[in-house]
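> Have a look at this one.
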Amino acid sequence: MSDRPNLIVDLTFSFSLKIIAFTEVLENLKKFNMANQLFRSGTSIGANVCEAQGAQSKSDFKHKCKVAYKEAEETRYWLMLCEKAPSYPFDNSMLEDIQSIIKVLGKIISSTN
């Protein structure tokens, strides 16, 4: 990662750290399937955003951002399930974070020609 500030890189990296901590809580509660789904989709967002930083073209950059967007939508789904399932922990700040990430990625995608 570059030393220059980059909003989406910073947001997704911080979110990945939160996902790691939250999935550890889920694993301690023996919610292994949800922990696995959230870990995979939640950390994939940042990985794809970082990959986009080294894209070979604008088209490649946009594609990688779209993949990150899809992973963010999937992560939002899993978090909403945690919110509604009575036996699951939930952290509202994570849902707020993912919604912010989705908005930023949407703007990046729509403004990349």
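> Can you work out which of the residues in region 51-77 that are aliphatic (A, V, I, L, M) and crowded, with 19+ Cβ neighbours inside 10 Å is farthest from the chain's Cα centre (by Cα)?
Ala52
> While we're here: With the checklist (1) surrounded by 13 or more Cβ atoms within 10 Å (Cβ to Cβ); (2) more than 11 Å from the chain's Cα centre (by Cα) in hand, flag the one item Ile8 doesn't pass.
(2)
> Taking the stated definitions as given, is Leu38 in contact with a Lys or Arg (Cβ under 9 Å, 6 or more places away or on another chain) and aliphatic (A, V, I, L, M)?
In short, no.
> Kindly check whether there is at least one residue in region 97-107 that is surrounded by 14 or more Cβ atoms within 10 Å (Cβ to Cβ), on the phi < 0 side of the Ramachandran plot and among the charged types (D, E, K, R).
yes
> Okay, next question. Among the residues in region 23-33, are any surrounded by 13 or more Cβ atoms within 10 Å (Cβ to Cβ), of a type outside the set (Lys, Arg) and within 12 Å of the chain's Cα centre (by Cα)?
Scanning region 23-33 turns up no residue that is surrounded by 13 or more Cβ atoms within 10 Å (Cβ to Cβ), of a type outside the set (Lys, Arg) and within 12 Å of the chain's Cα centre (by Cα).
Bear in mind these aren't lab numbers, they're just calculated from the coordinates by the rules spelled out. Here the structure is a predicted model, which is why all the values come from computation and not from measurement. Note that we place each Cβ from the backbone using ideal geometry, even for glycine, and neighbour counts take in every protein chain shown.
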